[in-house]
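The values are calculated or read from the model by the stated rules, or taken from the named source; none is laboratory data. These numbers were taken from a predicted model, which means no experiment stands behind them. Neighbour counts run over all protein chains shown; Cβ positions are idealised from the backbone, glycine included.
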Amino acid sequence: MANPFVQRYWSPYIVGALIGVLSWFAFATADKPIGITTAFEHTAALSGKAAVPQFEQKNEYFAAKQAEGNSPKIGWEWMLVVGVFVGALLSAGLSGDRTRLWVPPLWASRFGPSKAKRLIAAFLSAALMMFGARLAQGCTSGHGISGTLQLAVSSWMFISVAFGVAIVTALLMYGRQGAEHV
Amino acid sequence: MFESPDKLVLGFLTGVIFGFLLQKGRVAKFEVIVGQFLLRDWTVVKTMGTAVVVGAIGVYALVAADAASLHIRPALLGGVLIGAVCFGVGMAVFGYCPGTSVAGCGEGRRDAMVGVVGMLAGAAAFVAAYPALQPLIKGMGDWGKITLPEATHTSPWLWIGGLALVGLGAFIAERLSGHGPQQRRGRLPHGAHA
């Protein structure tokens with residue numbers, strides 16, 4: 001039997017079940033739900049504090065987070081994000097699934113091969129996505145998996161609206177015809 | 001500024017496994033994420049659905065055994081709903097979510113790398129505008145840190161059982177309708193999306 005670590009794809013059911021078990025591990029060992037975007041918020045807050053004198057005094061963010069017991073820090077969430085990068089690097093490296101792709105073919109089929117266009121769109125859309133995630137206090141991981149598995153009202157609300165809006169956006173962008181390229 | 005070393009090591013270890021699984025599950029790929037929103041590739045829903053059912057069973061068992069506690073985000077309607085709209089538009093254009101874009105960087109995807117810088121900019125904008133955003137986040141109502149079983153005065157196991165049945169039903173329906181992995185294997189050659 002082939003070594004599963006060098007295979008490129010695992011069944012989504014196997015991967016999903018293992019992510020579920022991983023969430024048990026996170027709750028049991030660190031008493032934390034898996035989430036990505038808190039670390040980005042903390043990085044931005046710590047950078048702001050380091051770069052601008054008096055930022056901490058002027059912005060009520062720091063006092064509010066301290067009151068919640070969630071002051072920005074290099075913590076479990078931050079190392080989780082670093083780990084995700086390393087884990088994906090390891091998986092792609094072992095299976096030869098590394099790429100140097102700038103413009104995904106599906107994007108190019110609709111918007112052309114321009115690198116600049118794709119990268120500007122990626123920067124702005126990713127910024128908007130992160131802004132939305134912090135407004136809602138969670139992303140596909142924090143709300144979509146960790147929150148929904150805890151049966152949180154906020155998380156089921158978030159993921160239903162977010163995916164509904166994403167479906168409408170994707171269909172408007174690519175249309176039914178673009179969908180043929182998937 | 002720094003959490004305890006054991007928390008840092010645990011976070012890193014959890015992240016490595018999470019990133020490894022995201023890459024193996026193909027969800028760190030633009031085509032798979034956008035394919036889901038175009039309703040052509042159901043990898044994202046299958047992965048998340050299985051994770052939620054399996055995760056819920058274990059986490060609620062841990063809570064019942066007093067070995068963990070729930071960490072519910074508040075249902076601040078303005079923040080959650082407006083945030084979800086921004087998130088949905090952003091994710092459909094970007095083609096990655098926050099976690100899968102970091103995994104996409106590990107895979108070598110250049111647009112995901114630029115997106116991670118964009119995400120830092122988005123987070124900075126949020127922190128900078130935090131005081132001004134509060135009326136928007138809190139203005140539409142706050143249902144608190146509430147779960148579906150609490151809101152309906154029912155057992156969480158009823159909900160988990162229901163979710164498991166829906167998932168199992170969808171799995172069986174897919175097999176019977178001939179869109180299972182056997183039939184689709186020819187459409188997913190190795191490296192086709194690379």
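Quick notes on this one:
- Inspection of segment B:37-53 identifies no residue that is under 23 Å from residue A:157 (Cβ atoms), more than 7 Å from chain A (Cβ to nearest Cβ) and assigned to a strand (DSSP E or B).
- In segment B:29-43, the residues that are closer than 15 Å to residue A:145 by Cβ and in contact (Cβ under 8 Å) with a residue 40 or more places away in the chain: B:33
- The listed residue being within 7 Å of chain A (Cβ to nearest Cβ), surrounded by fewer than 21 Cβ atoms within 10 Å (Cβ to Cβ) and touching a residue at least 40 places away in the same chain (Cβ under 8 Å), out of B:77, B:70: B:70
- Any hit, segment B:2-23, residues being facing chain A (nearest Cβ under 7 Å), of a type in the set (A, V, I, L, M), under 30 Å from residue A:175 (Cβ atoms) and touching a Phe, Trp or Tyr at 6+ places or on another chain (Cβ under 8 Å): no
- Pick from segment A:1-23, criterion within 20 Å of residue A:144 (Cβ to Cβ) and in a loop (DSSP other than H, G, I, E, B), ranking: nearest to the other protein chains (Cβ to nearest Cβ): A:10
- Members of segment B:47-67 found to be surrounded by fewer than 17 Cβ atoms within 10 Å (Cβ to Cβ) and either under 20 Å from residue A:139 (Cβ atoms) or not aliphatic (A, V, I, L, M) (or both), listed by number: B:66
- The set of residues from segment B:103-136 being facing another protein chain (nearest Cβ under 7 Å), under 16 Å from residue A:97 (Cβ atoms) and assigned to a helix (DSSP H, G or I) comprises B:103, B:105, B:106, B:107, B:110.
- Where a residue in segment A:69-91 is charged (D, E, K, R) and its partner, wherever it lies, is crowded, with 17+ Cβ neighbours inside 10 Å and assigned to a helix (DSSP H, G or I), with Cβ under 6 Å and at least six apart: A:77/A:38; A:77/A:39
- Evaluation of residue A:91 against (1) within 22 Å of the chain's Cα centre (by Cα); (2) surrounded by fewer than 23 Cβ atoms within 10 Å (Cβ to Cβ); (3) among the polar types (S, T, N, Q) (one fails), failing number: (2)
- Subset of segment B:145-160 [surrounded by 13 or more Cβ atoms within 10 Å (Cβ to Cβ) and not hydroxyl-bearing (Ser, Thr, Tyr)]: B:145, B:146, B:148, B:149, B:150, B:151, B:156, B:157, B:159, B:160
- Condition check for residue B:166: within 25 Å of residue A:42 (Cβ to Cβ) and either of a type in the set (Val, Ile, Thr) or outside any helix (DSSP H, G or I) (or both): no
- Residue in segment A:111-123 that is more than 14 Å from the chain's Cα centre (by Cα), touching a residue at least 24 places away in the same chain (Cβ under 8 Å) and outside any helix (DSSP H, G or I) present: no
- Considering the conditions (1) within 23 Å of the chain's Cα centre (by Cα); (2) surrounded by fewer than 15 Cβ atoms within 10 Å (Cβ to Cβ); (3) of a type outside the set (Val, Ile, Thr), residue A:66 is excluded by exactly one of them, (1).
- Residue B:83 being at pLDDT 95 or above, in a helix (DSSP H, G or I), under 17 Å from residue A:145 (Cα atoms) and within 8 Å of chain A (Cβ to nearest Cβ): yes
- Among (1) out of contact with any strand residue (DSSP E or B) (no Cβ under 6 Å at 6 or more places or on another chain); (2) at the interface with chain A (Cβ under 7 Å from one of its Cβ atoms) - the single one residue B:147 does not satisfy: (1)
- From A:56, A:77, residue being of a type in the set (Asp, Glu), part of a helix (DSSP H, G or I) and more than 25 Å from residue B:47 (Cβ to Cβ): A:56
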